[in-house]
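Reviewing the structure listed below.
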Amino acid sequence: MNILVLNCGSSSIKFAVYGMDDSSRLIWGQIEAPGTARGRFSAQTADEQFAFDVASSSYSAAIQTICAFLDKHRFGPGSIEAIGHRVVHAGEHYSESVIINDDVIAAIKACCSLAPLHNPINLKGILQSMAHYPGITQVAVFDTAFHQSIPKPAFMYAIPTWLYEQQGIRRYGFHGTSHRYVAQEAAALLRKPLDQLDLITAHLGNGCSATAVKKGESVDTSMGLTPLDGLVMGTRSGSVDPGLHAFLADTLDWDVEKTTTILNTESGLLGLSGTSQDMRELTRAAEAGDQDAALAIEVFCYRLARELCALAMPLGRLDALVFTGGIGENSRLVRAKTLGHLGLLGLHINPQANDQNGRSTGGRISDQSEPVALVIPTNEELLIATDALRLKRQLEHFPG
Ligand code: ADP
């Protein structure tokens, strides 16, 4: 029961094969800078490591390199039961993972305008993998799907309604696989059914978003039409005044593309600090007296706490706040500063537990019994593999 997971992004293609008897990762790796002359392949198993340069002529050629590598290491078409693909945008087409057929491919294509940097390359991964693994069940797991339960008053922007009806402009939300995974894990840690819990999940990696999860369903989230909205991120600004594009056009003569590029790639922690998007480096710099790095961290935590308070509103009550992603799982400083702003929600930090990333307290880093603050490592790949296996089994039992 081996499941291959493919995550085709613009700056890397990640892959992993899971043995689903015990949910263990058998082989995993990535190509960085795929489809360029500077491509770099790396992979590992429990006891071997592989790395080589791979100058591929195209993105598809880079995917072929991964397939050829897997063939050579006993994970060719004969030993893979199903393949799970991370796909960023499903618009309003799908609220859960689906087996890929012509309709699904058409829906992913239809959403390319909503995610021009992601959906076209996700599609390349799917088509290439269908060619290399013919007849094997392929499943799409969408970033947006988990958020399709968000009610209309929460997803509508206050702009003319025809822009929603004709152009699909609304809040969609992203990182859905991570929010869904850590919500399930939180229920397991708290030993309560997910449908009895009210949670806020904060995914803090290079991209950052937070979600209100009411009884297992997303009811609001910080990202919007695009993954630029909401929290301060590594290089992304998060929410800014919607008048900013016009203001910069008037004052600096910047066009839409220039402002959009600055907001996506030169803002966030990098823009505020002027030196780094990496929370580890910023923490070290702030400790060494760098005032800009210190301010970047303060703004990050303030804006995060403000968003978390806003997300508590649709819940009405709170069982747990979950920190995940590279920053959420590892940055004691960010969690301490953020929780320091959240007394209003009844959250108070346990400094010793926080210093240990919640390792010896079952993930708990708060003092009080309710609500609790938890640190839970995310594992989107495993959830993609689990969905792929579940849908493959369903297909076997209910063909057609
Ligand atoms: P991605 O969104 O690309 O998957 P990650 O989830 O790996 O990114 O998160 C990357 C972020 O996590 C970076 O800002 C990095 O500095 C931060 N991070 C990783 N480890 C630590 C740590 N020990 N302390 C503080 N921040 C960390």
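The values are calculated or read from the model by the stated rules, or taken from the named source; none is laboratory data. Keep in mind that this is a model prediction, so the values were computed, not measured. Neighbour counts run over all protein chains shown; Cβ positions are idealised from the backbone, glycine included.
Among the conditions (1) surrounded by 18 or more Cβ atoms within 10 Å (Cβ to Cβ); (2) within 27 Å of Glu81 (Cβ to Cβ); (3) more than 16 Å from the ligand (Cβ to nearest atom), Gly135 misses just one, which is (1).
Would you be able to tell me the number of residues in region 132-170 that are part of a helix (DSSP H, G or I) and touching a Cys at 6+ places or on another chain (Cβ under 9 Å)?
Restricting attention to region 132-170, the residues satisfying the condition of being part of a helix (DSSP H, G or I) are 132, 145-149, 152-155, 161-167.
Now restrict to residues that are touching a Cys at 6+ places or on another chain (Cβ under 9 Å): 132.
Residues that pass the stated criteria total 1.
Within region 194-225, the residues that satisfy the criterion of being within 16 Å of the ligand (Cβ to nearest atom) and either part of a loop (DSSP other than H, G, I, E, B) or more than 15 Å from the chain's Cα centre (by Cα) (or both) are Gly205, Asn206, Gly207, Ser222, Met223.
Report yes if some residue within region 250-257 is over 21 Å from Thr201 (Cβ atoms), in a helix (DSSP H, G or I) and within 12 Å of the ligand (Cβ to nearest atom); otherwise report no. Scanning region 250-257 turns up no residue that is over 21 Å from Thr201 (Cβ atoms), in a helix (DSSP H, G or I) and within 12 Å of the ligand (Cβ to nearest atom). Filter region 373-400 down to the residues that are within 16 Å of the ligand (Cβ to nearest atom) and closer than 20 Å to Ala336 by Cβ, then identify the one that is surrounded by the most Cβ atoms within 10 Å (Cβ to Cβ). Across region 373-400, the extreme among qualifying residues is Val375.
For region 45-62, how many residues are closer than 21 Å to Thr386 by Cα and assigned to a strand (DSSP E or B)? Let's see the steps before the verdict.
Just the residues of region 45-62 that are closer than 21 Å to Thr386 by Cα, to begin with: 45-46.
Okay, now just the ones that are also assigned to a strand (DSSP E or B), so none.
Total meeting the criteria: 0.
Only residues that are basic (Lys, Arg) and more than 8 Å from the ligand (Cβ to nearest atom): list them for region 271-291, please.
If we filter region 271-291 for residues that are basic (Lys, Arg), which is where we start, we get 280, 284.
Arg284, the sole residue that qualifies.
Scanning region 357-372 for residues that are free of Cβ contacts under 8 Å to residues at least 60 places away in the same chain, away from the ligand (no atom under 14 Å from the Cβ) and in contact with a Lys or Arg (Cβ under 7 Å, 6 or more places away or on another chain) returns a single hit, Ile365.
Number of residues in region 329-345 that are touching a residue at least 60 places away in the same chain (Cβ under 8 Å) and over 19 Å from Leu311 (Cα atoms) equals 1. Out of everything in region 362-392 that is at pLDDT below 95 and of a type outside the set (Gly, Ala, Ser), what residue ends up being farthest from Val334 (Cα to Cα)? Result: Glu370. Region 292-355 holds helices (runs of 4 or more DSSP H) entirely within its bounds, and those carrying 1 or more residues that are more than 16 Å from the ligand (Cβ to nearest atom) and either surrounded by fewer than 21 Cβ atoms within 10 Å (Cβ to Cβ) or modelled with pLDDT under 95 (or both) map to 332-340, 351-355. Between Ser369, Ser360, the distinction of being over 24 Å from the mean Cα position of the chain (by Cα) and either within 24 Å of Arg25 (Cβ to Cβ) or in a helix (DSSP H, G or I) (or both) belongs to Ser360 only. Scanning region 19-41 for residues that are part of a strand (DSSP E or B), among the polar types (S, T, N, Q) and more than 14 Å from Leu70 (Cβ to Cβ) yields one hit, Ser24.
Here Ser24, Ser56, Ser11 are screened, and the one residue that is within 16 Å of Ile121 (Cα to Cα) and loosely packed, with under 14 Cβ neighbours inside 10 Å is Ser11. Of all positions in region 82-93, at least one carries a residue that is surrounded by fewer than 18 Cβ atoms within 10 Å (Cβ to Cβ), within 30 Å of Met223 (Cβ to Cβ) and not small (Gly, Ala, Ser). The requirement of being within 16 Å of the ligand (Cβ to nearest atom), over 26 Å from Arg317 (Cβ atoms), among the hydrophobic types (A, V, I, L, M, F, W, C) and not in a loop (DSSP other than H, G, I, E, B) is fulfilled somewhere in region 260-269, by at least one residue. Taking the condition more than 16 Å from the ligand (Cβ to nearest atom) and either under 25 Å from Cys112 (Cβ atoms) or outside any helix (DSSP H, G or I) (or both), does Gly234 pass? No. Consider Lys109 carefully, then state whether it is without any contact (Cβ under 8 Å) to a residue 40 or more places away in the chain and in contact with a helix residue (DSSP H, G or I) (Cβ under 9 Å, 6 or more places away or on another chain). Spelling it out, Lys109 is indeed without any contact (Cβ under 8 Å) to a residue 40 or more places away in the chain and in contact with a helix residue (DSSP H, G or I) (Cβ under 9 Å, 6 or more places away or on another chain).
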